[in-house]
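Right, one structure below, let's go through it.
The values are calculated or read from the model by the stated rules, or taken from the named source; none is laboratory data. As the structure is a prediction and not an experimental result, all values here were calculated from the model. Cβ sites come from the backbone with ideal geometry, for glycine too, and all protein chains shown count toward neighbours.
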Amino acid sequence: MLLEKDTLKKRITVANKQEPADIVVKNGRIIDVFNLEIITGDVAIVDGMFIGIGDFEGNQVIDAKNRYVCPGFIDGHVHIESSMATPVEFAKVVLPHGVMTVITDPHEIGNVSGENGIDFMLENSENIPLDVRVMLPSCVPATSVENSGAELNADDLKPFFKHRRVLGLAEVMDYPSLQNAQDSIVDKIAMSLRYSDRIDGHLAGLDRNAINVYRSAGIISDHECNTVSDALERLRRGMYLLIREGSVAKDLKSLIKVVTPNNARRCLFCTDDKHLDDLIEEGSIDHNVRLAIKYGIEPFLAIQMASLNAAECYGLKHKGAIAPGYEADFLLLDDLESIKISEVYKSGELVAENGEYVSDPLAIEELKPELCSTVHVPELNENDLQIPIGETDQAYIIEIIPNNLTTNKGIETVKVENGYFIPSVERDQLKLAVFERHNNTGNIGLGVVKGFGIKEGAIATTIAHDSHNIVATGTNDSDILKAVNVLKEMHGGLAIIKEGEVIASLSLTIAGLMSDQDFQTVNLGLTQLKQALSKLGFTGEFNPFLTLSFLTLPVIPALKLTDLGLFDVKSFQHIEVKV
């Protein structure tokens, strides 16, 4: 942080009580995240920075009314695109939940639109009350076993390190390339280490030695743990542990048991992928804090994990505490059990109150046309969707695990007619299809999925991690094709089809990932989609669109589907559907 001489003099003068502060917070119980205790005193603010705790006078007084003065929360790893809102609209949602800084990886839009996508995320998050720090996507494309819309190498990423909000290199997902020290990933890591020592990992389903490989490459963190034993191994080898609670991956309940006073400083929270409606209804990192307290973590420790620990992990040395020399990002809490947030202040300015964004209006800049024309699919017919099974009636099945990113690899008897798979509602076996949508190749990956419980119709989305092709599932080919054509007409989004009719849809025109509308409009669309699912007979206690969007991610076990076909993550190769 570069300071002008006059600014530095002013801070020293006010800290020395020779002139009044810009703002003073009085009558508050200050949460000390260094000693995990409450301290009292006035909190003085100058130019958006805390400059003292004690007895101060100020030109403006904020009466805390005996509420807790808490440092602002930090989301250690989030894909803003997964909210389906732009950074501007995302900010309006998470700021009332006390999240004032996010560490984001724009690899979703990077996989669709490359450098243009990263530019959009940086430009759209400029000069907004939410501090958006960026980790550059390390894996675009995510792997070599699918087709995405862009390819980013080390030279493509290098110019972005000049941006003041770029912190480092985001989650390294392509473990086979890392394990074999392939130039494609080593070049990116080596380039990044010239500018930063912050590189995130992605160790889903990997063995203990993989941690050695990641740490030896300078990678500092992992957010893909879901067992205590895995978490401990990462902590023992010097990694930061990011405890995730998103819309699909809900790891906090199982992982919070690993946190002790001895290792807590290496633990922090993240949401990773969370839909807008979930952010509105239950919150962001504030929800993680509440759950941590519910499952036995002392409140001050949970708050430390959500603030100071996250700041230190990512080198944000002026964030994460109520103390002199730190940015004046703070919350006023009514209590420590429910973490009820009454007011949110960014750099000393009120930005949210009683769950509502109250700061200056924010608007989207004019969108580049190329960001809104990303769905390119040729004409299709039902013959394109046939899965040959042949003489056998045995097939490999992708079995979903509700509220989990992993799947099971099953073998089941399937219904066959004329040598081809037929979906069976009775057996809960649906057709799953992935359509390449970036380069009009006509690639279609086909498989069988179990666990959705849909009785009729089809659902489809252009959100398909991480290459974001079109993914659809349904009980019949006609409705699947109709869903794909609807998405093509909308330039991306989500659609529900029944008997050839659109019963609900949400347009996501920005790269097929985000809406150009305000968050209220997006939330209304999501609500309508959720209500319409019952017309397909869906009764599950999970989000089927989110689950569908992760069935295409070939770096998380066990069986997934890409535009090139059914993919066995363990053997890291495509396999036939028929056994």
Enumeration of residues in the range 98-128 that are surrounded by 23 or more Cβ atoms within 10 Å (Cβ to Cβ) and farther than 25 Å from His438 by Cβ | Gly98, Val99, Met100, Thr101, Val102, Ile103
Among the residues of the range 102-110, is there at least one that is outside the structural domain of Ile243 (by TED's automatic domain parsing), under 20 Å from Arg164 (Cβ atoms), outside any strand (DSSP E or B) and touching a residue at least 60 places away in the same chain (Cβ under 8 Å)?
-> no
Looking at this structure, is Ile74 part of a strand (DSSP E or B) and touching a residue at least 60 places away in the same chain (Cβ under 8 Å)?
-> yes
Within the range 340-432, strands (runs of 3 or more DSSP E) holding 1 or more residues that are under 23 Å from Gly540 (Cα atoms) | 394-400, 407-413, 420-422
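Yes/no matrix, rows are residues, columns are (1) among the hydroxyl-bearing types (Ser, Thr, Tyr); (2) closer than 24 Å to Gly72 by Cα:
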residue: Val140; (1), (2): no, no
residue: Ser148; (1), (2): yes, no
residue: Asn153; (1), (2): no, no
residue: Lys158; (1), (2): no, no
residue: Arg164; (1), (2): no, yes
residue: Leu167; (1), (2): no, yes
The condition from (1) of a type outside the set (S, T, N, Q); (2) surrounded by fewer than 20 Cβ atoms within 10 Å (Cβ to Cβ); (3) touching a Gly at 6+ places or on another chain (Cβ under 8 Å) that Tyr295 misses is numbered (3)
Which condition number does Ser196 fail, the rest of (1) under 27 Å from Leu279 (Cβ atoms); (2) in a loop (DSSP other than H, G, I, E, B) being met?
-> (1)
Can you name the residue in the range 365-417 that is basic (Lys, Arg) and out of contact with any Ser or Thr (no Cβ under 8 Å at 6 or more places or on another chain) and is also modelled with the lowest pLDDT among such residues?
-> Lys368
Arg237 vs (1) closer than 21 Å to Pro299 by Cα; (2) surrounded by fewer than 24 Cβ atoms within 10 Å (Cβ to Cβ): all pass except (1)
Scanning the range 1-45 residue by residue, those β-branched (Val, Ile, Thr) and in a loop (DSSP other than H, G, I, E, B) turn out to be Val33
Test Ile401 against the stated conditions and say whether it is within 23 Å of the chain's Cα centre (by Cα) and free of Cβ contacts under 8 Å to residues at least 60 places away in the same chain.
-> yes
Tally, over the range 437-453, of residues that are closer than 21 Å to Pro388 by Cβ and assigned to a loop (DSSP other than H, G, I, E, B) | 3
Just one of (1) more than 23 Å from Ile556 (Cα to Cα); (2) at pLDDT below 95 trips up Pro159, so point out which.
-> (2)
Thr271 passes all but one of the listed conditions (1) free of Cβ contacts under 8 Å to residues at least 60 places away in the same chain; (2) β-branched (Val, Ile, Thr); (3) touching a Gly at 6+ places or on another chain (Cβ under 8 Å); the exception is number (1)
Look through the range 319-368, keep the residues that are hydrophobic (A, V, I, L, M, F, W, C) and more than 21 Å from Gln304 (Cα to Cα), and return whichever of them is surrounded by the most Cβ atoms within 10 Å (Cβ to Cβ).
-> Ala352
Of Asn439, Asn443, Asn408, the only residue that is over 28 Å from Lys530 (Cβ atoms), touching a strand residue (DSSP E or B) at 6+ places or on another chain (Cβ under 9 Å) and not assigned by TED's automatic domain parsing to the domain that holds Val248 is Asn443
When the range 123-165 is examined, which residues are found to be within 18 Å of the chain's Cα centre (by Cα), outside any loop (DSSP other than H, G, I, E, B) and within 22 Å of Thr374 (Cα to Cα)?
-> Asn124, Leu136
Quick one: which residue in Glu115, Glu57, Glu89, Glu126 is free of Cβ contacts under 8 Å to residues at least 24 places away in the same chain and among the charged types (D, E, K, R)?
-> Glu126
Could you name every one of the strands (runs of 3 or more DSSP E) located completely within the range 464-579 that has at least 1 residues being crowded, with 17+ Cβ neighbours inside 10 Å?
-> 470-474, 493-498, 501-507, 559-562, 565-568
Looking only at the range 234-291, and only at residues there that are within 14 Å of the chain's Cα centre (by Cα) and aliphatic (A, V, I, L, M), the one that is modelled with the lowest pLDDT | Val248
Scan the range 77-91 and give yes if some residue there is crowded, with 24+ Cβ neighbours inside 10 Å and part of a strand (DSSP E or B), otherwise no.
-> yes
List the number of the failed condition for Lys431; all other conditions in (1) surrounded by fewer than 20 Cβ atoms within 10 Å (Cβ to Cβ); (2) of a type in the set (Lys, Arg); (3) closer than 25 Å to Ser148 by Cα hold.
-> (1)
